[in-house]
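Colleague: After the structure tokens below, expect a handful of questions from me.
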Amino acid sequence: FIDFTYIGSLGKHKGVDTLINAFKQINDDDIRLNLIGKGYDEEEFKQLAGDDERIIFHGFVDNRNINDYYKLSNVIIIPSICYDNSPLVIYESFTTATPVIGSNIGGIPELIDDGVNDYLFEAGDVNDLKDKLLEIIDNKKSLTQLEENAFESIPEKSLDIMTDKTIEAYRQLL
């Protein structure tokens, strides 16, 4: 099995419908899509997934247990169509040597070295995302290399970077 996982809010702005549509176009019984989170579009996404048993909605997972899902996942997918600044999910993925497929939007491409530690796709492009999923499915050796490179990609001082960005966000709110 190859486990693809999405972790975040289940809203259209996060591109979850793009992910489900791309996944459903792949005819392979040895893959799963794990969707972790809650959100205002959850019911619509469940209808979109239909009777595809490979798509599993896990609901909200407490932060104490989220690391288990990173470890079980082969690839984390960040299909955002909004401008995420510096998604924590990418940093968390790297610490568990889990490669990422992410939208080429906002701060995501700043953290992803396309084809080395992860893959980028055009935000909202179902076919481009499907192609990236197929690259991993069809070439399992590349997955092993992506995993090794993902762990080595943890940016130096990444905790400092995230702390600074969080403090700056609070300053802007105040």
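Colleague: Per residue of the chain, what 222 nm ellipticity follows from adding -39500 (n - 2.57) for every DSSP H run with n ≥ 4, rounded to the nearest 500?
Modeller: -13500 deg cm²/dmol
Colleague: Taking H as built 1.01 Å from N, whose amide H comes closer than 5 Å to the amide H of Asp118, not counting residues under 5 places away?
Modeller: The answer is Asp113.
Colleague: Oh, and also: DSSP loop GluC sites (Glu not before Pro) in the stretch 96-143 with at most 14 other Cβ atoms within 10 Å of their Cβ, which ones?
Modeller: Glu122
Colleague: Can you tell me the relative contact order of the chain? Whole percent, Cα pairs under 8 Å, sequence separation 6 or more.
Modeller: 22
Colleague: For Glu110 and Glu53, what is the calculated FRET efficiency with R₀ set at 41 Å and r taken between the beta-carbons, to the nearest 0.05? Write down the numbers at each step before the final one.
Modeller: Values: r = 36 Å, r/R0 = 0.89.
E(calc), rounded to 0.05, equals 0.65.
Colleague: Which of the aspartates and glutamates could a cross-linker bridge to Lys141, judged by Cα under 20 Å and excluding same-chain residues fewer than eight apart?
Modeller: Output for Lys141: Asp3, Asp28, Asp29, Asp30, Asp113, Asp114, Asp118, Asp131, Glu152.
Colleague: Here's something else I'd like to know. Considering only lysines 8 or more places apart in sequence, or on different chains, count the pairs in the stretch 12-116 whose C-alpha atoms sit under 13 Å apart.
Modeller: 5
Colleague: Exactly which GluC sites (Glu not before Pro) in the stretch 25-109 are in a DSSP loop and have at most 14 other Cβ atoms within 10 Å?
Modeller: Numbers: sites: Glu42, Glu43, Glu44, Glu53, Glu92; in loops: Glu53.
Qualifying residues, ordered by number: Glu53.
Colleague: Which residues make up the longest stretch of the chain clear of chymotrypsin sites (Phe, Trp or Tyr not before Pro) that lie in a DSSP loop with no more than 12 other Cβ atoms within 10 Å, not counting the sites? Present the calculation step by step, with values, prior to reporting the outcome.
Modeller: On the way: sites that count: Phe1, Tyr40, Phe60, Tyr83.
Longest stretch, sites excluded: 84-174.
Colleague: Right, next: Can you list residues from other chains, or at least 5 along the same chain, whose modelled amide H is less than 5 Å from the amide H of Gly15?
Modeller: For Gly15, the qualifying residues are Ile81.
Since every read-out is calculated from the coordinates, none of them should be taken as a lab result. No experiment lies behind these values; they were computed from the predicted model shown. Glycine gets a Cβ as well: all are built from the backbone with ideal geometry, and neighbour counts include every protein chain shown.
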